[in-house]
Amino acid sequence: MRMVMRIPSHRASRGVSFVNLVQQLVYLQAVLLSSIGASASITVLASSSSSSSVAAAAAVRMNQSEPPPPPPMAKKVEHKMEMFGDVRVDNYYWLRDNSRSNPDVLSYLQQENAYTQFLMSGTKKFEDELYAEMRGRIKEDDISAPERKGPYHYYQRTLKGKEYVQHCRRLIPNFEAEAPLSVYDTMPTGPDAPTEHVILDENIKAQNHDYYSIAAFKVSPNNKLAAYAEDTKGNEIYTIHVIDAETGAPVGLPLVNATSNLAWAGDEALVYITRDETLRPDKAWLHKLGTEQSSDSCLYHEKDDMFSLDLQTSESKKFLFVGSGSKITRFSFYLNIAKLEDGLVVLTPRVNGINTFVSHRGNHFFIMRRSDKCFNSEVIACPLENTSETTVLLPHRESVKIQDMQLFSDHLVVNEREEGLPKVTIYHLPDVGQPLKSLDGGQAVNFSDPSYSVDLLGSEFSSRILRFSYSSMKTPPSVYDYDMKTGISVLKKIETVLGGFEASNYVTERKWANASDGTQIPISIVYRKDLIKLDGSDPLLLYGYGSYEVCIDPSFKASRLSLLDHGLIYAIAHIRGGGEMGRQWYENGKLLKKKNTFTDFIACAEYLIEKKYCSKARLCMDGSSAGGLLIGAVLNMRPDLFKAAFAGVPFVDVLTTMLDPTIPLTTSEWEEWGDPRKEEFYFYMKSYSPVDNVKVQNYPNILVTAGLNDPRVMYSEPAKFVAKLRDMKTDKNIILFKCEFGAGHSSKSGRFEKLQEDAFIYTFIMKALDMVPAQGCGLN
């Protein structure tokens, strides 16, 4: 979703301060060159052996009381674009380099990074303390809630000081395949327990990479093999490896240029998906272990560039489902794992405006179906042998959205939404072979917080135990096992938060703001009750997203405590374009109604000011990816409302990007933003696209980030936005731009690296709010 010269990065902390100093000197060199003329020549030489002298020289420069140097100013190269008689001039179009190797572009990005490093150096001590505070809350050596699969408990382990996880398992003592699961089952860990076995250690795999991510790790049905999808650049192009689960030895050659979507088709075959040249998932393949990838069988090729493929495994483990979907239409095929030779069979046909997700139990397929009429979805079932004969199990309801479903041998669990909050409802199913009919009398799982997040987790299909994760903005992530027959729930794991955390010190609230058209917009709020006055003097950070029907449910983030414990209020605006209030909430914040997303956010900001949660001088905003579009649009519309803004990997060059079908995601997202090749959409999208609407006006302090390898939002979009803002703004506030050279859309990959990013962003916000002492050059 809108989602040359380089100092090598060093893992952990080794060499980091030296690298930062070199970055600062590179920037100072560029500033000096610009001031004395391009014909001058200055050489900066540095080596690890001379780091002390470099540090001394930089320290002298950093301790001077003179004003900070001017920011990098990107050169202007006129680039005209004309459509429907409208001419746009993009002076920074040259910043787009698909190869990521143009020396001028890389030099500019390096100057921006050095400038950001220089301007934030005055609060580096505070940032380091904030990072130490965040890290001090983590139980670094820990394990996840063990998940039972066959004769093993599987779990992930984190180690003290290590960035990544180990994938582990233990045998279940005295395992009996037919023994029923209980909510009281535990994994023995004492000296007499079966030995822990590490299947894969990501820390070892990551040693030679700046970026490392495993997006899928799946064990074969017989528990003998493991398949995982690995990305070492952040570009979301994965390599799939298969290893022996006991020895770790590779099984066959890796599968390259894949997505992270993979599934076992029995014990000796995999189904996986690859991308086309625009990174659209377009082909599903069957790979038999021991054969070359070149001999794999293509199960389906989706040629329509509006559609992308995905892959699921039925809870029964008897079928795989390949789905092909656009933003409004989705149809499905099934693959019978016992009859791979039959290939894919159509389960739900392609019908424009009909969206289906499918699963299996007994002699029926279960289908969650959405249409224009049933916009919040219904659940139907059909016999395996006659998929056109359907029975409605759960009818459509205008006030309740069916978001997901999970099947068990005797139960159907439905994840629903009502009044903006998630619900989990359980229905008992008749015995397999008995007729299915409309279901009623569902059993709801109760939750205590006024606003919260809940997610269904992997559970044993044949059991009556439902596993889910629950959290709120003051409740750490908690994994529960719930007995669907007795209603008993048992806490299996709660995230340990060190540093004296007490949930009772925090207050969560749910409020409603009035949008300009009268629509009520929910807001989730959290603050530390002993620090907040609620008299308009408190600082507040307002977060928003509002796209793709994504629900931003209020959940816990341990690093966020560093904001709350320093006296900030944190709020989430659940604006239109998201899915929190049902399908129509999304429909009313997309295409030709996209501006509702931005005006909703502004209404929430005004409400928080009116109710004295904050003031304009104490209000900041935060959003990333499509949420970065939100921040960019609101910055242009109402810069006066905010003291500072953070826009992470922001999708801000909307019109230019959506006019170029060679850019990843463009064609598949015309149903989200509109197709600007049509005049109505062109001018509507131009009216809010952040890059096209930068004005000669005052702007607040702004921090923008990007990832050089980002396949979702090209780094050049935020780079152009920053360059244009610098050229046109009339204030003396600071704009900082930070581009990660070794990362993609999700930025750095290590868990401590991510904490360092949080510390940097929070320091910027608190610095803009004058909440940290100035120690050098800083924000105005």
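Relative to the Cα centre, what is the charge dipole magnitude of the stretch 672-731, using +1 at the beta carbon of each Lys and Arg, -1 at the beta carbon of each Asp and Glu, and rounding to the nearest 20 debye?
Working: 9 positive and 9 negative charges, 38 e Å.
For this selection, approximately 180 debye.
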Work out the charge dipole of the chain with +1 on the Cβ of Lys and Arg and -1 on the Cβ of Asp and Glu about the Cα centre, then indicate which of P103, C551, A269 is farthest towards its positive end. P103
Sorted by average packing, counted as other Cβ atoms within 10 angstrom per residue and highest first, what order do 360-366, 568-574 take? 568-574, 360-366
Which residue, chosen from H411, G353, M306, occupies the Cα position most advanced towards the positive end of the dipole of the stretch 275-417, where the dipole is computed from +1 (Lys, Arg) and -1 (Asp, Glu) charges on Cβ about the Cα centre? H411
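Roughly how many debye, to the nearest 20, is the charge dipole of the stretch 448-579 about its Cα centre, given +1 on each Lys and Arg Cβ, -1 on each Asp and Glu Cβ, and no other charges?
Working: 14 positive and 15 negative charges, 28 e Å.
Dipole about the Cα centre, nearest 20: 140 debye.
For Y300 and A617, what is the calculated FRET efficiency with R₀ set at 51 Å and r taken between the beta-carbons, to the nearest 0.05? Spell out each step's value before the answer.
Numbers: r = 56 Å, r/R0 = 1.11.
Here the calculated transfer efficiency is 0.35.
Would you check the stretch 277-428 for Lys pairs whose C-alpha atoms are within less than 15 Å, ignoring same-chain pairs closer than 8 in sequence, and give me the count?
Values: K283/K303; K288/K339; K317/K339; K318/K339; K373/K401; K401/K423.
Final tally of qualifying lysine pairs is 6.
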What does the extension gain come out to for D86 and A177, with contour length at 0.36 nm per residue minus their alpha carbon separation? 25.8 nm
Heavy atoms only, probe 1.4 Å: what % of the accessible area of the chain goes to carbon and sulfur, would you let me know? 50 percent
Separation between the W512 and K695 pseudo-spin-labels, each 7 Å from Cα along Cα→Cβ, expressed in nm? 3.2 nm
Cα-Cα P(r), the stretch 635-780, percent of pairs per 5 Å interval: 2, 9, 16, 19, 18, 16, 11, 5, 2, 1, 0
With a ≥ b ≥ c from the Cα gyration tensor eigenvalues, square-rooted, and the rule rounded for a/c under 1.5, otherwise prolate when a/b > b/c and oblate otherwise, the stretch 321-410 is oblate
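Å³ per residue of the Cα convex hull, for the stretch 664-716? Intermediate values should be presented prior to the final figure.
Working: hull volume 5.7 nm³, N = 53.
Roughly 108 Å³ of hull volume per residue.
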Using a cut-off of 16 Å between alpha-carbon atoms, which aspartates and glutamates can reach K437, once sequence neighbours fewer than 8 places away in the same chain are excluded? E378, E389, D410
Kindly report the accessible area of the chain per residue (heavy atoms of protein chains, probe 1.4 Å, no ligands, DNA or RNA), in Å². 41 Å²
Treating only the Cβ atoms of Lys and Arg (+1) and Asp and Glu (-1) as charged, compute the dipole magnitude of the chain about its Cα centre; round to the nearest 20 debye. 1560 debye
For the stretch 202-347, count all C-alpha to C-alpha pairs, find those more than 28 Å apart, and express that count as a whole percent of the total. 17 percent
Using alpha-carbon positions, the gyration tensor of the stretch 495-599 gives root eigenvalues a ≥ b ≥ c; with a/c under 1.5 called rounded, otherwise prolate if a/b exceeds b/c, else oblate, the class is prolate
Return the lysines within reach of K732: Cα separation strictly under 25 angstrom, same-chain partners fewer than 8 residues apart disregarded; answer none if there are no such residues. K75, K76, K124, K125, K616, K643, K695, K720, K724, K767
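Helix-only mean residue ellipticity at 222 nm, the chain, DSSP H runs n ≥ 4 weighted -39,500 (n - 2.57), per residue, nearest 500. What is it? Working shown, then result.
Details: 14 runs with 153 residues, N = 780.
Calculated at 222 nm, the ellipticity per residue is -6000 deg cm²/dmol.
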Expressed as a whole number of Å, what is the distance separating the alpha-carbon centroids of the stretch 416-439 and the stretch 124-154? 35 Å
Rounded to whole angstrom, the alpha-carbon centroid of the stretch 556-595 lies from that of the stretch 495-518 at a distance of 13 Å
So what does Y152 come to for accessible area, using a 1.4 Å probe and Å² rounded to 10? 40 Å²
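Distances over 53 Å make up what percent of all Cα-Cα pairs in the chain? Don't skip to the end; give the middle numbers.
Numbers: 33772 of 303810 pairs.
Roughly 11 percent, rounded to a whole number.
The values are calculated or read from the model by the stated rules, or taken from the named source; none is laboratory data. Please read all numbers here as calculations on a predicted model, not as lab measurements. Backbone-built Cβ (ideal geometry, glycine too); neighbour counts: all protein chains shown. Protein only, heavy atoms only, side chains kept; ligands, DNA and RNA dropped before computing areas. Shrake-Rupley method; radii C 1.70, N 1.55, O 1.52, S 1.80 Å.
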